[in-house]
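Read through the structure below, which is laid out as structure tokens, and then see the notes.
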Amino acid sequence: MKTRVLTGLAIAAAATVALSGCVQSANASNAADTSGGTTNLTVFISGDTNVQDLWDKSLIPAFEKVHPKIHVSTSIDLHGEHDAQTQANLATAVKAGKSVAYDLVDAGFVSTAGKAGLLSTVSDSTIPNLKNVPEATKQQGGDSAIPYRASSVLLAYDSKKVTDPPKTLDDLLAWIKANPGQFAYNSPSSGGSGGSFVATVLAKYLTPAEQETMQTTYDKSLESKWDKGFAALKDLGPSTYQKGVYPNGNDQVVQLLGSGQIAMAPVWSDQFITSQKTGVIPKTVKAIQITDPSFTGSASFLGIPKTEPKAKKAAAEKLADFVLSAKGQQLVASAVSGYPVIPLDSLPESVAAQFADANPSQLRLGFQSDFAADMNAAWDAKVPQ
């Protein structure tokens, strides 16, 4: 039996173009802070197209309406496929004291880059709305990261086919084997929902102290502790979708659920809510959180490059502050169903009710980014057959 990995549309060329823009040193647009009295900013996104849509269709138009002399555009590295290279080039630029071709970063590596000294420190003196974010949420990212939304991975299931969904990870693994072909998760390097499933299976065989270490620091020698988890994932393969087909990205998993080809899968909470709003998945598909351990979740962070020119840094701080305003958080909630990171009582009642049970400061964190990158590579080598 040959295990296959589903592939999506060819995006390598587009990702390369986006990446080349991300790693350039100071250029004309970054050297000149204004043109005709207008400041130009670029938000670099490492993630899915829904995040780019959040910026392009919601946050940026609303921000520019309030700040007409600041023009904002985006660039994207789809699925964060070049995160390691992006960070390496950012480090090179910072060491040389040069600016880069983007002004605000929306990426999973923001926390790591900040702790490595590659991003500017932030505070509520320059980003006033940061004072409204819970301290525990800010501490997840460090003093150079700006939390702006949160989400967690949930277990989605077709309630027409599954009347008693699994409540724990052990229950879930048993269900998958008892219902071959009805569960799917994407390859971890192609999306966080699959990555969370893999990390959660690995965490099953780790002590609490080992889990905490892998969430906060990097010690490659600990990765030998993953062997039992990877063996369990490999053993699980023949019971997953089409005897070991791993979708390419979070979107493909949601599409399989929506079309009824599978009955269960890990999905992002925000993507699940949005997909039900748009009809991609029917209302008969429900979502719950498992325990022992739960799937992972955390805040998503923004960062400002350390070598950002002064005038553009001030404009980037204004943009970040707008995102943390009640208006910005309402747009995040409506556009991508992200958990707000400011008090719910400052938001419209309809938004507050939707996220009443969400607490971004109490989500189980995933692995630190270096561990996560190693996990993705190890999965590629050890799990597909």
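Couple of notes before you dig in:
- Tally of residues being in contact with a strand residue (DSSP E or B) (Cβ under 9 Å, 6 or more places away or on another chain) and not aromatic (Phe, Trp, Tyr) across the stretch 322-341: 11
- Those residues of the stretch 33-54 which are of a type in the set (A, V, I, L, M, F, W, C) and closer than 16 Å to residue 151 by Cβ, in sequence order: 45, 51, 54
- Leading residue by the ranking (nearest to residue 344 (Cα to Cα)) among those in the stretch 109-131 that are modelled with pLDDT under 95 and surrounded by fewer than 20 Cβ atoms within 10 Å (Cβ to Cβ): 115
- The condition (being open to solvent by 30 Å² or more (accessible area, probe 1.4 Å), outside any helix (DSSP H, G or I) and free of Cβ contacts under 8 Å to residues at least 24 places away in the same chain) is satisfied by just one residue among 143, 164: 164.
- Candidates in the stretch 68-90 are the residues that are surrounded by fewer than 15 Cβ atoms within 10 Å (Cβ to Cβ) and more than 19 Å from the chain's Cα centre (by Cα); of these, the one that is nearest to residue 248 (Cα to Cα) is 88.
- Residues of the stretch 307-316 that are part of a helix (DSSP H, G or I) and either under 12 Å from residue 145 (Cα atoms) or open to solvent by less than 20 Å² (accessible area, probe 1.4 Å) (or both): 312, 315, 316.
- None of 56, 158, 103 is buried (at least 16 other Cβ atoms within 10 Å of the Cβ) and closer than 24 Å to residue 200 by Cα except 158.
Conditions tested, residue by residue: (1) closer than 22 Å to residue 48 by Cβ; (2) aromatic (Phe, Trp, Tyr); (3) open to solvent by less than 20 Å² (accessible area, probe 1.4 Å).
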position	(1), (2), (3)
279	yes, no, no
288	no, no, no
294	no, no, no
328	yes, no, yes
342	no, no, yes
358	yes, no, no
364	yes, no, no
377	yes, no, no
381	no, no, no
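- For the stretch 217-230, residues that are under 24 Å from residue 139 (Cβ atoms) and surrounded by 14 or more Cβ atoms within 10 Å (Cβ to Cβ) total 2.
- The stretch 44-73 residues that are at pLDDT 95 or above, paired with ones that are basic (Lys, Arg) (beta carbon under 7 Å, 6 or more apart): 62/327; 67/318; 70/318
- Among the residues of the stretch 276-289, the ones that are within 17 Å of residue 262 (Cβ to Cβ) and either touching a residue at least 60 places away in the same chain (Cβ under 8 Å) or under 18 Å from the mean Cα position of the chain (by Cα) (or both) come to 6 in all.
- Residue check for residue 144: within 19 Å of residue 320 (Cβ to Cβ) and more than 21 Å from the chain's Cα centre (by Cα): no
- Close pairs from the stretch 325-353: first farther than 12 Å from residue 149 by Cβ, partner part of a loop (DSSP other than H, G, I, E, B), Cβ under 8 Å, at least 6 apart: 326/342; 326/347; 344/355; 344/356; 347/340; 351/340
- Restricting attention to the stretch 344-385, the residues that are among the β-branched types (Val, Ile, Thr) and within 17 Å of the chain's Cα centre (by Cα) total 0.
- Which listed residue, of 304, 262, is crowded, with 19+ Cβ neighbours inside 10 Å, modelled with pLDDT of 95 or more and within 22 Å of the chain's Cα centre (by Cα): 304
The values are calculated or read from the model by the stated rules, or taken from the named source; none is laboratory data. Given the structure is predicted, the values throughout are model-derived calculations rather than measurements. Neighbour counts run over all protein chains shown; Cβ positions are idealised from the backbone, glycine included. Accessible surface is based on the protein model in full, side chains and every heavy atom, while ligands, DNA and RNA are left aside. Shrake-Rupley method; radii C 1.70, N 1.55, O 1.52, S 1.80 Å.
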